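One structure is given here, and the rest of the page talks about it.
The values are calculated or read from the model by the stated rules, or taken from the named source; none is laboratory data. As the structure is a prediction and not an experimental result, all values here were calculated from the model. Heads up, the Cβs are rebuilt from the backbone with ideal geometry, glycines too, and the neighbour counts pull from every protein chain shown. Note: accessible area is taken over every heavy atom of the protein model, side chains too, but ligands, DNA and RNA are not part of it. Shrake-Rupley method; radii C 1.70, N 1.55, O 1.52, S 1.80 Å.
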Amino acid sequence: MIHLDGVTKRYGDTVAVDDLTLDVAEGEVCVLIGPSGCGKTTTLRMINRLITPTSGRIMINGQDASELKAEELRRSLGYAIQSVGLFPHLDVAANIAVVPRLLGWDKPRLRGRARELLELVGLEPEQYMGKYPRQLSGGEAQRIGVARALAADPPVLLMDEPFGAVDPLNRGRLQGEFARIQRDLHKTVVFVTHDIDEAIRLADRIAIMRDGRLVQYDTPETILDNPVDHFVRDFVGSDRALKRLVRVPVRDVMDTAPPVARRSAGAKEMLAEVGRTRFVYLVDEQGRLTGWLDRAQLKGGCTVEDALSDADPAQVAVRPDASLKEALSRMLGLGFRSIAVVESDGRLVGQVTLGSVEGAMTESDEHQGARPAEHMAEYSAEDTSDDSVLESIASDDQGDCT
Amino acid sequence: MLTRSPDRVALTGAVLALVSALMLPAGTLRPNRLAQGDPHSWLAAGAILAVPMLALLLAVFASFLCSRSLRGHVLSSAGVLLIGGIALSLGALSESLMVDAPSIARVSIGSGTWLMLAGAAIVAFSGWQALMGKESASQGTHVRMVYPLATAAFLFAAVAFGGLDTISLAAEYGIRTAVFWPSVIAHLRLAGVSLVLGLAMGVPLGIIAARDARIRRVALGVTGIIQTIPSLAMLGLLIAPLAALSAAYPVLRQLGIRGIGETPAMIALTLYALLPIVRNTYVGLAEVDPAVVDAGRGMGMSRGQLLWRVEMPLALPLVLEGVRAGAVLLVGITAVTALVGARNLGSFIFEGLGQAAPDLILLGALPIIVLAIVADVGLSFIADAVTPKGVRAA
């Protein structure tokens with residue numbers, strides 16, 4: 001789909017990009033990564049001709065990019081950048097519709113498209129259409145930046161650290177949503193980042209660059225398992241086993257039948273359930289996670305009401321889109337041996353245990369190069385036995401409620 | 001008890017008004033329009049002024065006890081009432097002085113009156129400012145507009161019914177009614193046309209300056225130097241070349257291009273309008289977030305689309321601020337161009353200076369001040385109205 005052939009960019013005596021040849025297949029996410037100054041952003045900006053190559057050829061969908069009119073070329077390539085660059089004087093709907101308007105779409109179609117895209121990036125259309133950029137949080141602005149890039153349904157997306165300006169929690173969430181969107185849309189994506197976790201999580205292929213040259217261009221699995229040299233090995237880091245977990249979405253390994261009781265059902269049912277499994281999640285009438293009850297905390301004559309803990313899903317749960325690494329680090333951070341999985345509306349849909357994380361790590365070691373996700377599905381199906389019982393590590397120390 | 005800090009500005013205005021009422025003359029009765037005359041104090045003006053004066057003082061002190069928005073209304077009302085009271089009292093004073101005087105005699109406005117008006121205006125303005133404050137912004141423009149309208153109504157009443165039409169300024173106007181309004185229109189036209197010409201040249205120049213550093217240095221440098229040339233010198237400099245041109249090419253003379261008159265005036269004024277417009281256009285464009293420009297280009301906007309759909313709308317508030325500054329400047333400098341034969345309000349000033357007739361000077365100067373204020377307020381209002389909602393200050 002995108003083919004770079006011997007592309008070089010020189011500024012005076014300095015070579016920003018040096019004889020780069022790279023193929024991005026249709027529907028694939030190619031992540032360009034490397035230390036700052038390695039030429040990754042220059043490469044991206046040469047694709048939509050914001051920068052003119054000194055030499056070499058860039059073919060997009062079989063056509064030489066330099067033969068197209070620059071503006072028309074750019075309208076056919078979605079573009080999202082770290083600083084987002086929403087137009088402050090236009091509301092969200094108009095911001096999303098910039099490219100379709102340039103393409104001459106009519107008004108109702110523009111509004112409809114903006115609505116559609118807001119839903120796609122997980123923002124309530126009625127609430128956001130009329131807002132202005134200055135009224136948005138960083139995460140919301142970046143979501144709208146992505147929606148704007150997708151507006152005219154371009155086959156290719158160019159993204160320059162599109163999630164770089166938000167806090168790590170939000171970045172993880174945006175990555176999850178991007179992965180979900182990409183699963184449905186199958187765009188050809190060139191994605192620049194300096195965050196190796198982000199690259200491993202999102203890429204079909206990672207292009208590691210250094211001093212304007214391509215050092216290694218491979219699938220994340222290959223790069224983790226067979227780095228071509230010391231530079232790549234150091235760049236990827238020593239925790240490669242852990243990094244593999246970044247590739248695995250929680251959805252693929254979660255136990256979809258966690259022990260659960262309705263809060264409204266009363267103490268008796270909750271006790272019955274906790275007697276069987278030592279631990280239950282508590283949900284409300286709509287199935288939303290509200291807390292949990294741990295048998296360890298029932299010691300010392302506590303009532304059920306004293307022993308149950310209230311939960312803020314944002315703190316003690318992960319989304320199905322989250323990576324297994326995120327789930328693991330949450331568990332470790334909270335001192336839990338399992339963590340609840342909730343949808344964006346708070347509904348409890350499963351749980352991830354330390355055991356299933358362990359399993360995922362061994363599985364991917366055994367099946368190097370294969371898509372871990374497929375194996376995880378089998379694994380999690382077997383693993384709904386007793387060791388999926390959640391024990392709060394912390395709660396062992398506080399056995400009574402005096 | 002004074003629980004809130006007093007408004008120092010309002011207090012200053014009130015004290016100024018009070019002191020000038022007691023110490024300085026309200027008006028001067030002169031045997032004719034040029035001769036010196038006898039000052040008359042406010043004490044002679046009778047009780048009409050006492051009421052608003054007392055109300056004002058009470059209001060200023062009471063306002064220290066009020067909440068911010070209420071204080072704004074109290075002070076604004078007091079200032080407006082005082083202005084009205086002064087106008088009516090001055091009319092009454094003038095009428096009473098003229099009763100025994102020959103018809104050639106004139107009553108000029110005294111320094112005490114001017115300073116009282118200034119004091120009252122300060123009080124009203126401090127109240128107005130308090131109303132513009134954040135807490136009361138929700139009340140909108142409508143409530144605040146009551147005060148300038150009330151002031152205008154008071155002044156009109158004082159002229160129509162309060163005897164203000166007997167003062168010297170009104171007499172000067174009466175003599176020159178036939179030329180006064182055409183002069184106002186000529187003044188506005190000259191300043192307006194020059195401003196539009198300045199805009200037509202300044203905005204493109206500002207846009208080019210934002211694109212090209214070399215042109216920027218030249219454009220800002222030259223317009224800056226123009227600004228330092230005194231207006232009289234500028235007009236003088238233009239006379240010789242324009243006269244030579246029109247002598248050499250009769251067709252230019254037929255078009256009305258001559259060394260004196262409106263042509264040099266318009267050229268000079270247009271040049272003066274350039275600096276604020278060029279500079280603000282350039283700054284407005286330079287301040288557009290580079291990320292916004294990059295996003296626009298990356299999405300496939302052409303240079304023109306980027307400029308007119310993104311950069312100019314974002315720069316517009318600053319451009320209009322430049323237009324406002326230019327307009328106020330031109331209204332003032334236009335008066336000077338009367339010296340090279342462009343008939344306008346400035347003509348009254350120079351005639352008055354020539355005849356040593358202070359009230360004739362006022363007949364030119366006061367409308368110029370009013371025009372400048374109207375231009376200032378009007379263009380700020382327009383600037384607010386066209387500022388895109390998304391970039392307006394919260």
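In table form, for the structure just shown:
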| item | result |
| --- | --- |
| Inter-probe distance in nm under a simple model that places probes 7 Å from Cα toward Cβ, at B:ALA35 and A:GLU26 | 10.4 |
| Complex-versus-alone comparison for the stretch A:72-92, residues with a loss of 40 Å² or more in accessible area, probe 1.4 Å | A:ARG74, A:TYR79, A:PHE87, A:PRO88, A:HIS89 |
| Reachable lysines, given that their alpha-carbon falls under 21 Å from the alpha-carbon of A:LYS187 and they are not under 8 places away in the same chain | A:LYS40 |
| Residue range of chain B that is longest and free of trypsin sites (Lys or Arg not before Pro) which are both DSSP loop and sparsely packed (at most 13 other C-beta within 10 Å) | B:5-391 |
| Charge dipole (debye, nearest 20) of the protein assembly as shown; +1 at Cβ of Lys and Arg, -1 at Cβ of Asp and Glu | 4080 |
| Rg and Dmax [Cα atoms of the stretch B:8-168; Å; Rg one decimal, Dmax integer] | 16.8, 56 |
| Axial C-alpha extent at least 27 Å, average Kyte-Doolittle at least 0.0 - helices from chain B (DSSP) | B:68-99, B:111-132, B:140-160, B:177-211, B:262-286, B:312-336, B:358-386 |
| Accessible surface of the protein assembly as shown [probe 1.4 Å, protein heavy atoms]: carbon and sulfur percent | 59 |
| 1.4 Å probe, heavy atoms, protein only - residues of the stretch A:99-120 losing at least 20 Å² accessible area vs chain alone | A:VAL99, A:ARG101, A:LEU102 |
| Per residue accessible area of chain A, 1.4 Å probe, in Å² | 43 |
| Förster radius 56 Å - calculated FRET efficiency between A:HIS230 and B:VAL218 (Cβ-Cβ, nearest 0.05) | 0.55 |
| Sequence of A:ARG210, A:ARG247, A:ARG173 when ordered by accessible area, the most exposed leading, probe 1.4 angstrom | A:ARG210, A:ARG173, A:ARG247 |
| Accessible surface buried upon B-A contact (total; probe 1.4 Å; Å², nearest 100) | 2000 |
| Förster radius 25 Å - calculated FRET efficiency between B:ILE239 and B:ILE208 (Cβ-Cβ, nearest 0.05) | 0.20 |
| Gain on full stretching of the segment that runs from B:VAL99 to B:ALA50 - 0.36 nm per residue minus C-alpha separation | 15.4 nm |
| Zone residues, the stretch A:45-72, relative to A:TYR11, backbone N less than 15 Å from point 7 Å out along Cα-to-Cβ | A:45-46, A:50-54 |
| Sequence-distant lysines (8 or more away, or on other chains) whose Cα lies within less than 19 Å of A:LYS325 | A:LYS243 |
| Interchain or long-range residues, amide H under 5 Å from A:GLY350's placed H | A:VAL341 |
| Residues B:VAL193 and B:GLN227, FRET efficiency given R0 of 25 Å [Cβ-Cβ distance, rounded to 0.05] | 0.80 |
| Extreme residue, positive dipole direction of the protein assembly as shown, given options A:LEU136, A:THR290, B:PRO250 (C-beta unit charges) | B:PRO250 |
| Whether the protein assembly as shown is rounded, prolate or oblate, judged on the alpha carbon gyration tensor where a/c under 1.5 counts as rounded | oblate |
| Extension gain, B:PHE161 back to B:MET23 (0.36 nm per residue minus Cα-Cα distance, nm) | 46.9 nm |
| Under 5 Å, built H, 5+ apart or other chain: amide partners of A:THR219 | A:ILE206 |
| Surface per residue (accessible, 1.4 Å probe) for chain B, Å² | 48 |
| Estimated 222 nm signal from helices in the protein assembly as shown, with DSSP H stretches of n ≥ 4 weighted -39500 (n - 2.57), rounded to 500 | -17500 deg cm²/dmol |
